[in-house]
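What follows is one structure encoded as C-alpha cells, with my remarks underneath.
Derivation of every value follows stated rules applied to the coordinates shown; laboratory data play no part. Fair warning: this is a prediction, and the values are worked out from it, not measured in the lab.
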Amino acid sequence: MVWAGFCNIEQSPLVIMGPNAHQTQGLIDNVYSIGLLPFYNYLQQQKQVPQRQAFTLCEDNALVHTSLVSPKWKESQGIIKFKWPSNSPNLSPI
C-alpha cells in the first residue's frame, strides 16, 4: 500500500507503507511522521500553508484514522481533519 498527499499544485513523495500500516501506531510511524509532517513543513516553507489552521487533512473514516490514538496525535501536531460524513464512500471534497 502507498500513501501520498497533495495541496494546490504541490504533491508529496509516495510513502510505501510497511506491514503494520493497518494498525494505528504503524500509520503514525510510517505515514504521518514520514510523509504527512515533512510535506506539511515543506508547504509552510513555500508559503502555501501560512498557518496550521489553514491546513485541513482529508481522510476517510477507516479505523486507523479514527481510533483514540490517531486523532490525539493529529491534534498534538496542530493538524485539523476534514469532517468526513460516515457512510459516504462516494462523497469527494475534491
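List of remarks:
- For segment 2-81, projected area of the alpha-carbon convex hull averaged over all directions, nm²: 4.8
- Maximal additional length on extending the residue 75-residue 44 stretch stands at 9.4 nm, based on 0.36 nm per residue less the C-alpha distance.
- Between residue 61 and residue 83, the contour length at 0.36 nm per residue exceeds the Cα-Cα span by 7.0 nm.
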